[in-house]
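Everything on this sheet refers to the single structure shown next.
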Amino acid sequence: MIKEAIIPLAGLGTRLLPFSKILPKELLPLGNKTILEHILDECLDAGIKKIFLVISKKKKIIKDYLYPDPYLINYLKKKKDNKSIRKLKNLERYKNKIKFIYQNSPKGLGDAVLEAKSAIKEKFFLLVLPDDIIIKENCSKKMINIHNKYLSSVIASKKVKNSEISRYGIIKYTKKINNNLIVKSLIEKPSSKNSPSNYAIIGRYILPTKIFSSLQNTKKGSLGEVQITDAMNHLIYNDNKFLAHIFSGTYLDCGTINGYNNSLKKILI
Ligand code: G1P
């Protein structure tokens with residue numbers, strides 16, 4: 001069973017500047033809750049019991065958002081503003097499930113995942129990227145079911161246009177069975193000309209703890225960052241089974257300004 005999840009939140013959110021300069025992009029609203037709450041609710045609904053949030057000192061405001069503010073509650077109590085109190089209390093639904101881990105400098109996704117190494121106790125864990133919101137279907141829950149059936153690693157995938165290929169990790173696969181691809185290898189942000197397919201990796205991964213040693217042995221990529229994609233390739237080459245699940249929920253890209261604006265439109269329909 002998958003009971004633990006890692007959510008990396010320490011990134012600088014440069015694609016959403018200047019809006020993410022002070023406010024972490026994960027705290028931007030998307031419909032009736034923040035981007036982060038969409039992710040946390042998906043995890044809880046998928047049966048996750050412990051969520052490790054990897055943040056940086058600069059993003060401590062995320063902790064402030066999720067933890068109670070006694071001063072504010074007292075003020076609202078005096079004003080008998082029960083409606084606002086309820087809204088704040090609602091955030092406490094995560095209280096016993098979340099734990100914060102600090103990543104001191106932003107060294108990329110692979111490094112953020114490594115920071116959570118000692119926290120993970122089970123053989124497999126869920127990794128969710130907050131740039132990628134999926135609504136109308138709990139993608140993590142679906143992937144956990146696939147993992148339970150095949151005992152393999154699972155990544156989420158979606159077919160993208162040629163013009164979008166260079167923004168994603170792309171999947172090379174041997175076979176497509178219904179909505180699942182048998183992964184042969186992964187390539188991080190290829191040009192559309194060199195891409196093995198149009199199936200992109202979307203930010204949901206069920207990974208074995210073996211990924212940690214694989215990350216430790218992975219060389220830094222061109223941007224000086226350890227890529228999770230390279231570490232997964234290492235596992236695939238060493239005969240670890242990886243399936244890519246083509247999810248049927250609606251994908252809301254919250255990783256760029258255009259994507260975020262389009263996501264707002266879609267969620268408000
Ligand atoms: C990361 C992954 C990439 C994946 C993408 C999904 O890229 O490295 O493989 O396709 O998330 O959003 P990033 O968005 O951090 O550049």
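Here, each number is a calculation from the coordinates, and none is a lab measurement. This one's a predicted model, so the numbers in the text were calculated from it and none came from an experiment. Note that we place each Cβ from the backbone using ideal geometry, even for glycine, and neighbour counts take in every protein chain shown.
Tell me the net charge near Q103. Cut-off is 9 Å between Cβ atoms, Q103 excluded, with +1 for each Lys or Arg and -1 for each Asp or Glu.
Neighbour charge sum, excluding Q103 itself: -1.
Is there a quick way to get the dipole size of segment 1-147? I mean about its Cα centre, with the Cβ of Lys and Arg at +1 and of Asp and Glu at -1; what is the value in debye to the nearest 20?
With only Lys, Arg, Asp and Glu charged at Cβ, the dipole is about 640 debye.
Which shape class, rounded, prolate or oblate, goes with segment 164-230 when its Cα gyration tensor gives a ≥ b ≥ c as root eigenvalues, a/c under 1.5 marks rounded, and past that a/b bigger than b/c marks prolate? Before the final figure, lay out the partial values.
Details: a/c = 2.23, a/b = 1.24, b/c = 1.80.
Note, shape of segment 164-230 comes out oblate.
Over the chain, what is the percentage of antiparallel beta bridges among all DSSP beta bridges, to the nearest 5?
65 percent
Using 26 Å as the Cα-Cα cut-off, could you pick out the over-long pairs in K21/K159; K159/K241; K83/K141; K59/K220; K189/K210; K77/K99? Present the calculation step by step, with values, prior to reporting the outcome.
Working: K21/K159 31 Å; K159/K241 21 Å; K83/K141 32 Å; K59/K220 24 Å; K189/K210 24 Å; K77/K99 28 Å.
Over 26 Å apart, Cα to Cα: K21/K159; K83/K141; K77/K99.
How high is the relative contact order of segment 114-258, given as a whole-number percent (alpha carbon pairs under 8 Å, six or more residues apart)?
Numbers: 263 pairs, mean separation 54.3, N = 145.
That works out to 37 percent.
From Cα pairs below 8 angstrom and at least 6 apart in sequence, can you work out the relative contact order of segment 8-115, rounded to a whole percent?
The normalised contact order for segment 8-115 reaches 36 percent.
Let me make sure I get this right: for segment 128-180, a, b and c are the square roots of the gyration tensor eigenvalues over alpha carbons, sorted descending. Under 1.5 in a/c it's rounded, otherwise prolate if a/b > b/c, else oblate. Which is it? Provide the component values of the computation, followed by the final result.
On the way: a/c = 2.06, a/b = 1.27, b/c = 1.62.
It comes out oblate by the Cα gyration axes.
Of the options F124, Y150, N138, report the single residue whose Cα projects farthest towards the positive end of the charge dipole of segment 112-159 (beta-carbon charges: Lys, Arg +1; Asp, Glu -1).
In segment 112-159, that residue is Y150.
Express the relative contact order of the chain as a whole percentage, based on alpha carbon pairs under 8 Å and six or more residues apart in sequence.
23 percent
Does segment 186-269 classify as rounded, prolate or oblate by the C-alpha gyration tensor (a ≥ b ≥ c root eigenvalues; a/c under 1.5 gives rounded; else a/b over b/c gives prolate, otherwise oblate)?
Verdict is prolate for segment 186-269.
For the charge dipole of the chain, defined by +1 on Lys and Arg C-beta atoms and -1 on Asp and Glu C-beta atoms about the Cα centroid, which residue among L76, I228, S20 has the Cα displaced farthest towards the positive pole?
So the residue we want is L76.
Given Cβ point charges of +1 (Lys, Arg) and -1 (Asp, Glu) and nothing else, what value in debye, to the nearest 20, does the dipole of the chain about its Cα centre take?
580 debye
If you place +1 on the Cβ of every Lys and Arg and -1 on the Cβ of every Asp and Glu, how big does the dipole about the Cα centre of segment 205-256 come out, in debye to the nearest 20? Write down the numbers at each step before the final one.
Working: 4 positive and 4 negative charges, 33 e Å.
Approximately 160 debye in magnitude.
Taking only the C-alpha atoms, wrap a convex hull around the chain and report its volume per residue in Å³ as a whole number. Don't skip to the end; give the middle numbers.
Numbers: hull volume 36.7 nm³, N = 269.
Looking at the chain, the number lands at 136 Å³ per residue.
Go through G11, A244, G47 and say which Cα lies farthest out towards the positive end of the charge dipole of the chain; charges sit on Cβ, +1 for Lys and Arg, -1 for Asp and Glu.
The one lying farthest along the dipole's positive direction is G47.
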